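Take a look at the structure set out below.
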Amino acid sequence: MYELTIIGGGPAGVAAGVYAARKKLKTVIISESFGGQSFVSAGVENWIGTKSVSGFDFAKMLEEHLRAQEDIEIIGDDKVESVQKTEQGFSIITKSGKKLETKYVLMATGSQRKKLGIPGEKEFDGRGVAYCSICDAPIFKGKDVAVIGSGNAGLEAVIDLLPYATKIYLFTRTGEFKGDKVTQEKILGESKVQSVVFAQAEAIEGADFVTSIKYKDLKTGESKTLPIGGVFVEIGVIPSSDLVKDFVQLDSFGNVIVDHKTQQTSNPGIWAAGDVTDVLYKQNNISAGDAIKAVLNIDEKLRKR
């Protein structure tokens with residue numbers, strides 16, 4: 001019987017693992033890989049204490065820190081398939097067939113960016129295709145970029161890119177944008193921002209790096225090609241909360257609702273931290289801090305128990 005099972009190997013999961021080990025909790029962490037969404041970033045420049053690090057090296061750094069801890073069991077290259085409630089806590093079943101018993105669970109499963117699903121998107125992920133403007137905007141300094149997304153996420157990506165990009169093309173499939181009117185007025189009045197309306201992205205093209213985006217004019221049916229150096233996909237995220245959807249309260253977007261003082265969910269045996277939660281700002285540093293908060297609260301609960 002483990003005291004704590006951490007599910008996920010991104011900044012939240014690793015931070016939780018390090019603190020759980022330091023607290024000498026009987027802990028296991030299960031993750032297919034380490035680094036979270038930042039693994040594919042060309043450069044992470046907002047991780048506090050590190051000026052710049054590639055997504056690959058960032059993931060390696062996290063994993064090395066975790067493996068340096070003595071009092072934690074790590075199950076890598078595996079995936080949790082189900083979480084089941086038991087009298088003593090929870091039963092965890094993995095893809096490889098492992099079955100673990102645990103008193104408490106910390107969900108650090110993050111979220112998945114919604115994808116366009118067009119040719120070139122996967123091939124150029126990390127080589128001109130990006131999903132986090134706060135993380136990657138500085139990398140596109142002096143380049144023309146396209147932002148796909150007409151909601152607040154797309155508008156905020158434009159704001160993040162304004163200090164860096166030379167030209168920003170904001171795509172929408174309709175003739176209008178869905179984000180806040182005040183934000184729309186602010187960015188669409190910028191000389192370097194150009195809206196591309198009634199446009200459906202069809203393919204991302206390039207060689208070693210993105211060089212253009214192909215799109216369809218939905219009014220005329222004509223296919224057009226726009227030379228650019230980067231594409232920011234900002235069409236939303238899907239929280240990876242399915243494992244516990246039957247045990248905890250979710251918001252309308254599928255985010256796990258937590259008490260932001262402790263990170264505890266509506267289920268007294270489950271905590272959550274990072275992008276899988278209803279946290280307002282989804283950032284690596286915030287995910288790590290929230291996960292630490294959760295472990296400290298779990299430790300307190302175990303000591304009282």
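General observations
- If you wrap the Cα atoms of segment 152-205 in a convex hull and average its projected area over all directions, you get 4.0 nm².
- For segment 177-292, the Kirkwood estimate of hydrodynamic radius, built from reciprocal distances between every pair of different alpha carbons, is 17.8 Å.
- Those lysines that a straight Cα-Cα span of less than 18 Å connects to K24, excepting residues fewer than 8 apart in one chain: K103, K293, K301, K304
- Here the sum of -39500 (n - 2.57) over DSSP H runs of 4 or more residues, divided by the residues of the chain, equals -7000 deg cm²/dmol at 222 nm, to the nearest 500.
- Distances between placed amide hydrogens fall under 5 Å for V231 paired with V129, A130, A146, all partners being 5 or more residues away or on another chain.
- Taking only the Cα atoms of the chain, the radius of gyration and Dmax are 20.9, 68 Å.
- Distance between the modelled labels on V197 and D246, one decimal in nanometres: 4.8 nm (7 Å Cα→Cβ projection).
- Net charge of the neighbourhood of L155, taken over other residues with C-beta under 15 Å away and scored Lys/Arg +1, Asp/Glu -1, is -3.
- All distinct Cα pairs of segment 64-155 go into the 1/r average, and the inverse of that average, the Kirkwood radius, is 17.5 Å.
- Once the Cα atoms are used to define both axes, helix 284-304 deviates from the longest principal axis of the chain by about 20 degrees.
- Between the helical axis of 55-67 and the longest alpha-carbon principal axis of the chain there is an angle of about 10 degrees.
- Magnitude of the charge dipole, the chain, Cβ model with Lys/Arg +1 and Asp/Glu -1, debye to 20: 380 debye
- Extent of segment 216-275 along its three principal axes (Cα atoms, max minus min coordinate, largest first): 56, 23, 17 Å.
- Pairs of lysines in segment 115-233 whose Cα atoms sit within less than 12 Å of one another amount to 6, provided the residues are eight or more positions apart or on different chains.
- Alpha-carbon centroid distance for the pair segment 97-167 / segment 35-83, whole angstrom: 17 Å
- Segment 115-233: C-alpha gyration tensor shape, a/c 1.5 cut-off, then a/b vs b/c: oblate
- Cα shape, segment 128-167, gyration tensor, a/c 1.5 rule: prolate
- Between L188 and I238, full extension at 0.36 nm per residue minus the direct alpha carbon distance yields a gain of 15.2 nm.
- Stokes-Einstein D (µm²/s) once Rh is taken as the Kirkwood radius of segment 1-108 over alpha-carbon pairs, at 10 °C in 1.306 mPa s: 112 µm²/s
Where a number appears in this text, it was derived from the coordinates with a stated rule and is not lab data. This one's a predicted model, so the numbers in the text were calculated from it and none came from an experiment. Backbone-built Cβ (ideal geometry, glycine too); neighbour counts: all protein chains shown.
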